[in-house]
Amino acid sequence: MQYTYDQHQWHSEYQKLCRSRDLAALYHVQRDCHEAMIANPSNPKCSQYADEALYCAQEICRRKGLGRYK
């Protein structure tokens, strides 16, 4: 991915990347992002970490057939 976080393309490309990850990687990235936000909530990258965690969760739910992310 060669987009910067603030560009719209980053979000769609990251969602595509999540579709190619296995479940273990999705859980790991999601947990890592949450831990980073808790460890340093004033970090300017927290919003990016939140988006990454959300996109991983959406992909996990899509694969499990849960919610609206089918």
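The values are calculated or read from the model by the stated rules, or taken from the named source; none is laboratory data. Everything numeric here is computed off the predicted structure, so don't read it as measured data. We place every Cβ from the backbone using ideal geometry, glycine too, and count neighbours over all the protein chains shown.
Okay, residues lined up against (1) outside any helix (DSSP H, G or I); (2) modelled with pLDDT of 90 or more:
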{"residue": "HIS34", "(1), (2)": "no, yes"}
{"residue": "ASN43", "(1), (2)": "yes, yes"}
{"residue": "CYS56", "(1), (2)": "no, yes"}
{"residue": "ILE60", "(1), (2)": "no, yes"}
{"residue": "LEU66", "(1), (2)": "yes, no"}
{"residue": "TYR69", "(1), (2)": "yes, no"}
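Which residue is nearest to ILE60 (Cα to Cα), if the candidates are limited to the stretch 31-48 and must be of a type in the set (A, V, I, L, M, F, W, C) and loosely packed, with under 13 Cβ neighbours inside 10 Å? Full working, then the answer.
Here is the first cut: in the stretch 31-48, the ones of a type in the set (A, V, I, L, M, F, W, C) are 33, 36-39, 46.
Okay, now just the ones that are also loosely packed, with under 13 Cβ neighbours inside 10 Å, so 38-39.
Details: ILE38: 22, ALA39: 24 Å.
This residue is ILE38.
What are the residue pairs meeting all of these: first residue in the stretch 24-38, first residue without any contact (Cβ under 8 Å) to a residue 12 or more places away in the chain and at positive phi, second residue of a type outside the set (A, V, I, L, M, F, W, C) and assigned to a helix (DSSP H, G or I), Cβ atoms under 6 Å, and 6 or more apart or on different chains?
Within 6 Å, no pair qualifies.
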